[in-house]
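Here is the structure we will look at, set down as C-alpha cells.
The values are calculated or read from the model by the stated rules, or taken from the named source; none is laboratory data. Keep in mind the model is a prediction, meaning the values are calculated, not measured. Methodologically, a virtual Cβ is constructed for each residue, glycine included, from the backbone with ideal geometry; neighbour enumeration extends over all protein chains shown.
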Amino acid sequence: MKRIIIAVSLVTTLALTGLGFAQMEANYVKHVREARQHVTIAVTQGEKGDAKALVQHAQTGLEHVRMAQKAKSLPDLDKAAKSLEDAINQGQTGDANKATEQAKESVEYLDAVLSGLGG
C-alpha cells in the first residue's frame, strides 16, 4: 500500500511539473510571436519614415523579447534584443532608415527562433 501511495505521489508530481513547463513554454512562444508582430509593424512604420511609431513598436517588441528571455535563453533572442535596442536608439535620433534596417534584422532573428519551435 505504501508503494502505491508513493507511486501515485510521484506520478502526480511529475504531471504537475509537466503542466508548469507546458505553461511556461506556451508563454514563451506567445511572447516571441507578439514581439515579431510588433517588430514587423515597426518595420512598416520605419519604411513610411515614421521613426516615432517605429520606436514605439520596437519598444513593445523588446518588452516581449525580454519576457521570452526570462523563460528561455537563446542566442537568437539575445541578437533580436540587441537589434531592437539599436533600432530604438537610431529611431530616437530620427534616422528611420537605419532604425528600419535594425528592426528588419530583429525580425530575422525572431523568425529563426520561431522556426526552431516549428512555427
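Annotations
- Answer residue from the range 67-119, given it is touching a helix residue (DSSP H, G or I) at 6+ places or on another chain (Cβ under 7 Å) and of a type in the set (S, T, Y) and is nearest to K52 (Cα to Cα) among those: T100
- Matching residues in the range 63-80 - criterion: being more than 21 Å from A26 (Cβ to Cβ) and either in contact (Cβ under 8 Å) with a residue 24 or more places away in the chain or not in a helix (DSSP H, G or I) (or both): K79
- Selection status of G46, outside any helix (DSSP H, G or I), modelled with pLDDT of 95 or more and not charged (D, E, K, R): no
- In the range 81-119, the residues that are outside any helix (DSSP H, G or I), among the small types (G, A, S) and at pLDDT 95 or above: G94
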